[in-house]
Amino acid sequence: MTRTYDDLEPTDPDWTRWTGAQVLRRQATERGERTFLIAPEEDLEITYGELLATCERVAGGLHAAGAERGDRVIIMAKNSSRFVLTWFATAVGDLVEAGVNTAYEGEFLRHQVQLVDARWVVVDDDLADRFIALRDQLDDVEGFWVIDNTGDAAGAVERLRAAGWRAEHWDSLRESAPYDGPEPDARDLTAVFFTSGTTGLSKGVAMPNAQMNFFSELTRCLTRFTEDDTWLSVTPLFHGNAQYMALYPALIAGGRAVIRSRFSASRWVDQLREHDVTVTNFLGVMMDFVWKQPARPDDADNPLRCVFAAPTASSILDDFKKRFDIEAFVEVYGTTETTTPILSPYGEERPAGAAGLNAGRWYDVAIVDPETDMEVPVGEVGEFCVRPRHPWISSLGYYNMPEKTTEVWRNMWFHTGDAVRRDADGWYYFVDRIKDAIRRRGENISSYEVEQALLSHPAIAECAVIGVPAGSEAGEDEVMTVIVRDGALAADDVWEHCVGRVPAFAIPRFVRFRDDLPMTPSEKIRRNVLRDEAVTAQDIWDREASAGAAR
């Protein structure tokens, strides 16, 4: 019998109350004196009652300056309590947050600000000059509030005003009268999260209140987070991973959330102990970075119960759990557009590489031929498609990009662009992005699975596996890996490490070493750059050449 994920029961069964504003008001009423947010680097703790009161004033200040319901508010800031307060203030005031990567500038920044027609910006003082550099292209922006991140808030305000904009210190918002406008509706747009734009301009995923709330409910359920738990978030707040996969779930459960400015592999265990952290996230190679830290005799002496990893490094999973005494690793498969229709049951041992089971009560899913949209047989790889069974729990589309929206929504399904397979028991396995899939001599190869095997080598800090033209075999590929070293490592070491860990047909023929990997501003590997470089690069080691020589 095909299994499904059946654990989810929303905290509030009435979907019309699935808004950040209503969740915050309920928790402030029921848990007003309890701590919600801890910001150790600011030496600050904020209770639920203080959170609501401050957010109402910040929302009131935004509206008093001229913001209208539905206006988009750019937040370009590093992790801080003021970022969190601004985010929840937009939820209370029926405004739309649009978090921008703090690495953005120039064309990347201009595109996102203009895409959402932003009138208002909240920005760190040290990032304000990036907007001034684009002054002639941002005429629709009306006002700024500057967060004092480096002690130059007054200077940044002065420079923004000199450029012709209204600008104030962010702290002035705290002095405003509380917002007293209409309550946001569950169907209202509440956030725009930007895609990474690995092959083109980034898109803005438009999320209604109900979707963002439901995404957070899925995460709360997945991790079994309760009011007695504490969540540590170290990923950037402009990403969904920190918002609806950490802080918002903690808010719904009535627990605590700790925010850090950045991830530190060397201090990870110490940070768990400092605030009795029971749940945290790993994103990308974070799990591997922690694993490669020198083992300490007290590694297991920590309160951590659950890790939400995306993805889980399965090659080190069992040893990692033992070393740090962790009860459960959980994982999902999904997208910002659709939330997470595939989830792993808490504490259950999964088949190797499996992301989870379908939450069938809430989503229909299908694996189809990407050319015909016809379903493929169980066990075969195809494109993962999904559609919600409940209104308002998926994206409203790509903001101001109707053509891109209709590209992915066809035949009544959202097409993820991901290659996925399902086994007879109902477990789903992510294989690759369709465009990144590799086919060599009749075999389909998952770059993700080969990368996981490579990352188990202690001298491989980061890697990417790509397909490059095979030459004599039209339409097929050879496998190349591009590696960032953390210690002494030769191409022969890479090939030797693959034996017994990677199927013979998937062992990379080509190895190239790089000082770093080209990344998008949202930290995704720009594989198209690596493929382009492979055409002319001379520093590539070839396993089939004599003695694995470099070409």
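The values are calculated or read from the model by the stated rules, or taken from the named source; none is laboratory data. What you are looking at is a predicted structure, and each value in this text was computed from that prediction instead of being measured. Cβ sites come from the backbone with ideal geometry, for glycine too, and all protein chains shown count toward neighbours.
Residues in region 138-159 that are in contact with a helix residue (DSSP H, G or I) (Cβ under 6 Å, 6 or more places away or on another chain) and exposed (fewer than 15 other Cβ atoms within 10 Å of the Cβ): 1 in all. For residue 199, are the conditions met, namely being among the β-branched types (Val, Ile, Thr), outside the structural domain of residue 239 (by TED's automatic domain parsing) and modelled with pLDDT of 95 or more? When the stated conditions are applied, residue 199 does not pass them.
Criterion applied to 232, 237 was being touching a Phe, Trp or Tyr at 6+ places or on another chain (Cβ under 6 Å), under 25 Å from residue 124 (Cα atoms) and outside any helix (DSSP H, G or I), and the one residue passing it is 237.
The C-beta contact set for region 145-169 (first residue over 15 Å from residue 65 (Cα atoms) and assigned by TED's automatic domain parsing to the domain that holds residue 76, second residue acidic (Asp, Glu) and assigned to a strand (DSSP E or B), distance under 9 angstrom, 6+ apart or interchain) comprises 147/124; 148/124; 149/124; 150/124; 153/124; 156/124; 157/168. If the condition is being of a type outside the set (Gly, Ala, Ser) and assigned to a loop (DSSP other than H, G, I, E, B), then region 189-198 contributes 195, 198. When region 527-546 is filtered for residues that are of a type outside the set (Phe, Trp, Tyr) and in contact with a helix residue (DSSP H, G or I) (Cβ under 8 Å, 6 or more places away or on another chain), the ones remaining, listed by number, are 527, 540, 542, 543.
All of 324, 282, 308, 289 fail the test of being touching a helix residue (DSSP H, G or I) at 6+ places or on another chain (Cβ under 6 Å), in the same structural domain as residue 387 (by TED's automatic domain parsing), more than 23 Å from residue 42 (Cβ to Cβ) and among the aromatic types (Phe, Trp, Tyr), apart from 308. Of the listed requirements (1) farther than 20 Å from residue 344 by Cβ; (2) under 13 Å from the mean Cα position of the chain (by Cα), residue 254 misses just one: (2). Looking at the structure I just gave you, is residue 360 over 24 Å from the mean Cα position of the chain (by Cα) and assigned to a loop (DSSP other than H, G, I, E, B)? For residue 360, the condition - over 24 Å from the mean Cα position of the chain (by Cα) and assigned to a loop (DSSP other than H, G, I, E, B) - is not met.
Going residue by residue through region 75-87, is there one that turns out to be at pLDDT 95 or above, surrounded by fewer than 20 Cβ atoms within 10 Å (Cβ to Cβ) and over 23 Å from the mean Cα position of the chain (by Cα)? Scanning region 75-87 turns up no residue that is at pLDDT 95 or above, surrounded by fewer than 20 Cβ atoms within 10 Å (Cβ to Cβ) and over 23 Å from the mean Cα position of the chain (by Cα). Filtering 50, 56, 68 for residues that are of a type outside the set (A, V, I, L, M), assigned by TED's automatic domain parsing to the domain that holds residue 92 and more than 22 Å from residue 185 (Cα to Cα) leaves a single hit, 50. Could you please let me know if residue 433 is closer than 30 Å to residue 478 by Cβ, crowded, with 16+ Cβ neighbours inside 10 Å, more than 21 Å from the chain's Cα centre (by Cα) and not hydrophobic (A, V, I, L, M, F, W, C)? It is false that residue 433 is closer than 30 Å to residue 478 by Cβ, crowded, with 16+ Cβ neighbours inside 10 Å, more than 21 Å from the chain's Cα centre (by Cα) and not hydrophobic (A, V, I, L, M, F, W, C). Of all residues in region 495-512, none satisfies being within 25 Å of the chain's Cα centre (by Cα) and assigned to a strand (DSSP E or B). Would you please name the residue that is surrounded by the most Cβ atoms within 10 Å (Cβ to Cβ), looking only at residues in region 366-393 that are within 21 Å of residue 210 (Cβ to Cβ) and free of Cβ contacts under 8 Å to residues at least 60 places away in the same chain? For region 366-393, the residue satisfying everything is 386.
Conditions tested, residue by residue: (1) closer than 21 Å to residue 184 by Cα; (2) in contact with a strand residue (DSSP E or B) (Cβ under 8 Å, 6 or more places away or on another chain); (3) touching a residue at least 24 places away in the same chain (Cβ under 8 Å).
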| residue | (1), (2), (3) |
| --- | --- |
| 3 | no, yes, yes |
| 6 | no, no, yes |
| 10 | yes, no, yes |
| 14 | yes, no, no |
| 28 | yes, no, yes |
| 32 | no, yes, no |
| 38 | no, yes, yes |
| 80 | no, yes, yes |
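Among the residues of region 214-229, those identified as of a type in the set (Asp, Glu), touching a residue at least 60 places away in the same chain (Cβ under 8 Å) and outside any helix (DSSP H, G or I) are 227, 229. For the residues 243, 211, the requirement of being over 15 Å from the mean Cα position of the chain (by Cα), part of a helix (DSSP H, G or I) and surrounded by 23 or more Cβ atoms within 10 Å (Cβ to Cβ) singles out 211. The set of residues in region 160-188 being surrounded by fewer than 19 Cβ atoms within 10 Å (Cβ to Cβ), in a helix (DSSP H, G or I) and in contact with a helix residue (DSSP H, G or I) (Cβ under 9 Å, 6 or more places away or on another chain) consists of 162, 171, 172, 174, 175.
The residues on offer are 270, 288, 229, and the sole one that is surrounded by fewer than 23 Cβ atoms within 10 Å (Cβ to Cβ), more than 28 Å from residue 448 (Cα to Cα) and not aromatic (Phe, Trp, Tyr) is 270. Would you please list the contacts, defined by Cβ atoms under 6 Å and residues six or more apart or on different chains, that run from a residue in region 105-134 that is under 16 Å from residue 95 (Cβ atoms) to a residue that is of a type in the set (Lys, Arg)? Taking only residues 6 or more apart or on different chains, the pairs are 116/72; 118/72.
The sole residue among 131, 108 that is at pLDDT below 95, assigned to a helix (DSSP H, G or I) and of a type outside the set (D, E, K, R) is 108.
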